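The values are calculated or read from the model by the stated rules, or taken from the named source; none is laboratory data. Keep in mind it's a predicted model, so treat the numbers as computed, not measured. Glycine gets a Cβ as well: all are built from the backbone with ideal geometry, and neighbour counts include every protein chain shown. SASA here: full protein model, heavy atoms, side chains in, ligands and nucleic acids out. Shrake-Rupley method; radii C 1.70, N 1.55, O 1.52, S 1.80 Å.
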Amino acid sequence: MRAAPPEAPSADAAVARPSTAPAGAFAPRAAVVFLVALLLLVVVRLPWAGDLGMHAATIQRLRHSLFHPGNPLVDVDTPSPYYSPWMVLLGCVARAGGLSVFVVLRLAALTGLTLLATGVWRYVRTLSAHRAAPALAALSLVLLWGTELINWSGFLSLNSLALTVSYPSVFALGLAFHYWAWLTRALRVAAGWGVWLGLGVLWALILLCHQFTGVVATLGGLAAVLAARPPRALWPRLGAGAALGLLVLWLWPYYDFFALFSAGGDLEEVHRALYEQFLGRYWLALLGVAALVLRWRRDRRDPLVVFFLLGALMCAAGFATGHYAWGRTLPAALVPAQLAAALEVVRGGPQTVRIRWAWVLGGALAVGAWTQAGVLGYVFGREALPDVLSAGYTRTWDGYYWITPYVKYGDVVMARDLPSRLIPAYGPYTVAPGYPDFFLPDESRREWAVRLYYTRRTPEGVRREILRTYDVRWVVDRSTPRRDPELRAVTRGPGGQILYAVRP
């Protein structure tokens, strides 16, 4: 059987000698070591923002009931897309080791970082043999964004990565880079059936662990196949791998993966923000777009070019049709552009051209690093940052440890807004979920009940009925103590919050 022809590495391999790197190989590696050390210190602090409460709650449910965990946030028995293979494994670790959820999340962060670093290294090695290429690629992936911060799971900007390092999205991104590397190599050699079946299972695992990153991984895999032009004899193995992956998705017992295709509504509105301040958030990656043009001129089927086009088309289609959740596939356009910008420095060609490109890339990386320097605050604290850097610091949240001496696992707490996103991390439930829940049929009714309860004009009898309907044992409110015979103030927390016990 004829093997698919190799791609760009043959050109880049010609410049693999140390002396040909314009900026040298040491400086990028030293910068990467510094960033990895910084992220490891972030893991120790584990800054709380975004969806950390949801992931902590998911592990809480799995450590208490591995096979029937129920909804992660409210006290009902519904499936949840957060019960992925990775979270099930973390739940097993917490259960077997008797570890706290936040210790397990730190272990998850270390694993995700390791997978991501090794995955980037392996994938870049399929694109270039130059020894400086992986380090330059890693720097470009985290720094070539824009001068307006964007923090979102599945996005690789340094600030976003620091805040989401323990999320399943980082783990899935690491698997995605390994998947692209494995797939690229399988397309270049006569890989056997076992390799292709393994690729199919890995593809399904990525989709189950983080659905949006799974779509990005799919687009990258499709780009690799289109660029490689595999011989006809290889298509049955490709098909078998894809079929096995679909079977794994169908058999996953914790939730119906294919039901997610009908999700919409609030999901679309939440993701509208991805298309706002677009140029300010991503303009440094335009350097990579220029590099992709150069790659396209050299090879019309360059895998990074095809990858970028697929990602850009899907993001544009999401904006045009109002399917804003498709904007979560933006990394499918950014990753190939960022990699192309890095690889252009180490490509063969006139040394003068490469030196100039290296200076331009270095300047862009410096701008990106300055923009995201607020990440230092997650290690040293906000107060340690000079004013000029504090603008890039995303304020993190305080926890709810102060309620844990009173509120036990499985108790239902009436809470709203931010507290409803944090309290389930410690084991209790809330009346309404703090995050959109596609599989919760009475979500809107629960949200309405919470709004009605906290409305001051609501009669006491109606409030009491809400408490009884949802078996509420505790109420968290701010500032003004409630004069309600049903409630008894137990303790006070930060920001004037009060924990009330519901009288039997």
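Condition check ((1) at pLDDT 95 or above; (2) under 26 Å from Ser153 (Cβ atoms)) across all residues:
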{"residue": "Phe177", "(1), (2)": "yes, yes"}
{"residue": "Thr184", "(1), (2)": "yes, yes"}
{"residue": "Trp196", "(1), (2)": "yes, no"}
{"residue": "Ile206", "(1), (2)": "yes, yes"}
{"residue": "Val216", "(1), (2)": "yes, yes"}
{"residue": "Val225", "(1), (2)": "yes, no"}
{"residue": "Arg232", "(1), (2)": "no, no"}
{"residue": "Ala240", "(1), (2)": "yes, no"}
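Residue by residue through segment 381-415, note down the ones that are open to solvent by 30 Å² or more (accessible area, probe 1.4 Å), in contact with a helix residue (DSSP H, G or I) (Cβ under 9 Å, 6 or more places away or on another chain) and among the aromatic types (Phe, Trp, Tyr).
Tyr393, Trp397, Tyr401, Trp402, Tyr409
How about segment 311-334: which of its residues are hydroxyl-bearing (Ser, Thr, Tyr) and in contact (Cβ under 8 Å) with a residue 12 or more places away in the chain?
Across segment 311-334, the qualifying residues are Tyr324, Thr329.
For segment 143-171, give me the residue count where each residue is within 13 Å of Leu113 (Cβ to Cβ), touching a Leu at 6+ places or on another chain (Cβ under 9 Å) and open to solvent by less than 20 Å² (accessible area, probe 1.4 Å). Walk me through it before giving the result.
Filtering segment 143-171 down to residues within 13 Å of Leu113 (Cβ to Cβ) leaves 156, 158, 161-162, 164-167, 169-171.
Adding the requirement that they be touching a Leu at 6+ places or on another chain (Cβ under 9 Å) leaves 156, 158, 161-162, 164-167, 170-171.
With open to solvent by less than 20 Å² (accessible area, probe 1.4 Å) added as a condition, the list becomes 156, 158, 161-162, 164-167, 170.
Of the residues in segment 143-171, 9 are within 13 Å of Leu113 (Cβ to Cβ), touching a Leu at 6+ places or on another chain (Cβ under 9 Å) and open to solvent by less than 20 Å² (accessible area, probe 1.4 Å).
Quick check on Leu260: is it surrounded by fewer than 18 Cβ atoms within 10 Å (Cβ to Cβ), of a type outside the set (Asp, Glu) and out of contact with any strand residue (DSSP E or B) (no Cβ under 8 Å at 6 or more places or on another chain)?
Details: surrounded by fewer than 18 Cβ atoms within 10 Å (Cβ to Cβ): yes; of a type outside the set (Asp, Glu): yes; out of contact with any strand residue (DSSP E or B) (no Cβ under 8 Å at 6 or more places or on another chain): yes.
In short, yes.
Condition first: modelled with pLDDT of 95 or more, open to solvent by less than 30 Å² (accessible area, probe 1.4 Å) and more than 19 Å from the chain's Cα centre (by Cα). Can you find one or more residues in segment 309-318 that meet it?
no
Are any residues in segment 184-197 surrounded by fewer than 17 Cβ atoms within 10 Å (Cβ to Cβ) and closer than 20 Å to Leu173 by Cβ, and if so, which ones?
The one that is surrounded by fewer than 17 Cβ atoms within 10 Å (Cβ to Cβ) and closer than 20 Å to Leu173 by Cβ: Arg185.
Within the bounds of segment 335-342, is there any residue that is out of contact with any strand residue (DSSP E or B) (no Cβ under 6 Å at 6 or more places or on another chain), outside any helix (DSSP H, G or I) and open to solvent by less than 20 Å² (accessible area, probe 1.4 Å)? Can you show your working first?
Filtering segment 335-342 down to residues out of contact with any strand residue (DSSP E or B) (no Cβ under 6 Å at 6 or more places or on another chain) leaves 335-342.
Keeping just the survivors that are outside any helix (DSSP H, G or I) gives none.
No: segment 335-342 contains no residue that is out of contact with any strand residue (DSSP E or B) (no Cβ under 6 Å at 6 or more places or on another chain), outside any helix (DSSP H, G or I) and open to solvent by less than 20 Å² (accessible area, probe 1.4 Å).
What residue, among those in segment 448-459 that are among the hydroxyl-bearing types (Ser, Thr, Tyr) and either out of contact with any Leu (no Cβ under 6 Å at 6 or more places or on another chain) or modelled with pLDDT of 95 or more (or both), is surrounded by the most Cβ atoms within 10 Å (Cβ to Cβ)?
Taking the candidates together, the pick is Tyr453.
Residues checked against (1) touching a residue at least 40 places away in the same chain (Cβ under 8 Å); (2) buried (at least 19 other Cβ atoms within 10 Å of the Cβ):
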position: Arg29; (1), (2): yes, no
position: Val36; (1), (2): yes, no
position: Val42; (1), (2): yes, yes
position: Thr58; (1), (2): no, yes
position: Leu66; (1), (2): no, no
position: Cys92; (1), (2): no, no
position: Ser100; (1), (2): no, no
position: Ala109; (1), (2): yes, yes
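State which residue pairs qualify: first residue without any contact (Cβ under 8 Å) to a residue 60 or more places away in the chain and open to solvent by less than 20 Å² (accessible area, probe 1.4 Å) and inside segment 224-245, second residue in a helix (DSSP H, G or I) and β-branched (Val, Ile, Thr) in any location, beta carbons under 8 Å apart, and separation of 6 or more residues or different chains.
Qualifying pairs under 8 Å: Gly245/Val201.
Of everything in segment 274-297, what is without any contact (Cβ under 8 Å) to a residue 60 or more places away in the chain and either in contact with a Lys or Arg (Cβ under 7 Å, 6 or more places away or on another chain) or loosely packed, with under 13 Cβ neighbours inside 10 Å (or both)? Give them in sequence order.
Glu276, Val293, Arg297
Is it true that some residue in segment 338-347 is under 20 Å from Ser140 (Cβ atoms) and within 21 Å of the chain's Cα centre (by Cα)?
Scanning segment 338-347, I find at least one residue that is under 20 Å from Ser140 (Cβ atoms) and within 21 Å of the chain's Cα centre (by Cα), so the answer is yes.
Just for segment 460-492: of the residues that are assigned to a strand (DSSP E or B) and open to solvent by 90 Å² or more (accessible area, probe 1.4 Å), which one is modelled with the lowest pLDDT?
Step one: of segment 460-492, the residues assigned to a strand (DSSP E or B) are 474-478, 487-492.
Then keep just the ones that are open to solvent by 90 Å² or more (accessible area, probe 1.4 Å); that gives 478, 488, 492.
Values: Arg478: 79, Arg488: 90, Arg492: 92.
Checking each candidate, the answer is Arg478.
Within segment 249-272, how many residues are within 14 Å of Gln211 (Cα to Cα), at pLDDT 95 or above and among the aliphatic types (A, V, I, L, M)?
Number of matching residues: 1.
Do the conditions hold for Arg445, that is, is it modelled with pLDDT of 95 or more, open to solvent by 60 Å² or more (accessible area, probe 1.4 Å), more than 20 Å from Pro485 (Cβ to Cβ) and of a type in the set (D, E, K, R)?
yes
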